[in-house]
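The values are calculated or read from the model by the stated rules, or taken from the named source; none is laboratory data. Note that this is a predicted model, so its numbers are computed, not measured. As a convention, Cβ positions derive from the backbone with ideal geometry for all residues, glycine included, and neighbour counts pool all protein chains shown.
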């Protein structure tokens, strides 16, 4: 999982879509997709759904799952087949470490920044205005993070739906949310690369590579060791029971302690939402600068603990066992590669193909009297995306 610099955004980057430039750069994007991220083929299903809503002049929000670093390339390749440019909301970190040319190209492709750790009113208003006025669809990834779980969506956050609802209440045109499922599969066999990476991972914890054992068992044995290390660090003992339950228990223990240390009110919200609230509180304390050395160190440790909570959230514990496949094993090893070997992105193991499915839209009501619409839209879109992933 990406380890972002936890600061409030130093500035905002706004979109300046140039459909002619987007069209001109399509061969370059296709070449990068094939050579750099090794996606040989993209199949798009349901393109007519998006095209029809755009022809009717509606404000369109596309809400895809977000399992891979390749998703931005893929969603734009799908948009090429639909015949439209896009607006894409992205974390400000995407812009921060880029050259001025790369930033310019991103903005010309409709990308704009959001500070996910703050109440970014500017990004919220920009997104609503895009839905109300712009010709191109708005893309927001409701999972928020890249979890490397292509077969199972992580709970969608409500921010995207909240933008759609806010836009609908003041819009002169209909607003609709379209679910989008992005599903990757290997074309070539990645097993040799996976075995090599698994051996590297085992050596990193001073194990002799277990080359005679099945890959699935090696993955779970390795995960067990990582979990035991963290249990000893935070609980001073190891737990018993199923892996998913142990991961959940440790995660809750760490997050609750951070919340209590920082006097954050207990919440029944999802893990990502609780982490977001805790990060915001800690960053505000750090920014105030009135902590002594010991307190500053503890705040830094709390921020590391929150990263571990999110990191552990990306490991369901039963992902491979639930549906054993080379793709799920590869995703899990990719996560190990980023989290344990601390690679920015995992090495691509073999050529892949991807299928992008646009599902039946969810219309957004403009009636302010409709209660709970944000939650209902989020749940409906999440369910439809999962159904499309299950169908392959």
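Side notes on the structure shown:
- Note on segment 306-323: residues that are crowded, with 17+ Cβ neighbours inside 10 Å and either in the same structural domain as residue 149 (by TED's automatic domain parsing) or assigned to a loop (DSSP other than H, G, I, E, B) (or both) amount to 4.
- Taken over segment 64-83, residues that are buried (at least 18 other Cβ atoms within 10 Å of the Cβ) and either assigned by TED's automatic domain parsing to the domain that holds residue 333 or not in a helix (DSSP H, G or I) (or both) amount to 6.
- Selection of segment 343-369 for residues being assigned to a loop (DSSP other than H, G, I, E, B) and surrounded by 14 or more Cβ atoms within 10 Å (Cβ to Cβ) yields 345, 346, 348, 349, 350, 351, 359, 361, 365, 366.
- Residue match in segment 110-117 (condition: surrounded by fewer than 18 Cβ atoms within 10 Å (Cβ to Cβ), within 20 Å of residue 71 (Cα to Cα) and in the same structural domain as residue 76 (by TED's automatic domain parsing)): no
- Residues of segment 255-275 that turn out to be assigned to a loop (DSSP other than H, G, I, E, B) and either closer than 16 Å to residue 312 by Cβ or in contact (Cβ under 8 Å) with a residue 60 or more places away in the chain (or both), as a count: 1
- Leading residue by the ranking (farthest from the chain's Cα centre (by Cα)) among those in segment 205-223 that are within 21 Å of residue 342 (Cβ to Cβ) and exposed (fewer than 13 other Cβ atoms within 10 Å of the Cβ): 206
- Matching residues in segment 1-36 - criterion: being at pLDDT below 90 and part of a loop (DSSP other than H, G, I, E, B): 1, 2, 3, 4, 5, 6, 7, 8, 9, 10, 11, 36
- Residue 363 meets each of the listed conditions (1) farther than 15 Å from residue 62 by Cβ; (2) assigned by TED's automatic domain parsing to the domain that holds residue 139; (3) in contact (Cβ under 8 Å) with a residue 12 or more places away in the chain apart from (1).
- Any hit, segment 324-342, residues being in a helix (DSSP H, G or I), in contact with a helix residue (DSSP H, G or I) (Cβ under 9 Å, 6 or more places away or on another chain), surrounded by fewer than 19 Cβ atoms within 10 Å (Cβ to Cβ) and modelled with pLDDT of 90 or more: yes
- Number of the exception - residue 180 against (1) in the same structural domain as residue 294 (by TED's automatic domain parsing); (2) closer than 30 Å to residue 130 by Cα: (1)
- Selection status of residue 173, assigned to a loop (DSSP other than H, G, I, E, B), in contact (Cβ under 8 Å) with a residue 60 or more places away in the chain and surrounded by 13 or more Cβ atoms within 10 Å (Cβ to Cβ): yes
- Restricting attention to segment 124-135, the residues being buried (at least 20 other Cβ atoms within 10 Å of the Cβ) and in contact with a helix residue (DSSP H, G or I) (Cβ under 9 Å, 6 or more places away or on another chain) number 4.
- Restricting attention to segment 231-242, the residues that are modelled with pLDDT of 95 or more and either part of a helix (DSSP H, G or I) or exposed (fewer than 13 other Cβ atoms within 10 Å of the Cβ) (or both) total 7.
- Restricting attention to segment 141-163, the residues that are touching a strand residue (DSSP E or B) at 6+ places or on another chain (Cβ under 7 Å) and either surrounded by fewer than 22 Cβ atoms within 10 Å (Cβ to Cβ) or not in a helix (DSSP H, G or I) (or both) add up to 3.
- Identity of the residue in segment 84-109, closer than 16 Å to residue 10 by Cβ and within 15 Å of the chain's Cα centre (by Cα), that ends up surrounded by the most Cβ atoms within 10 Å (Cβ to Cβ): 92
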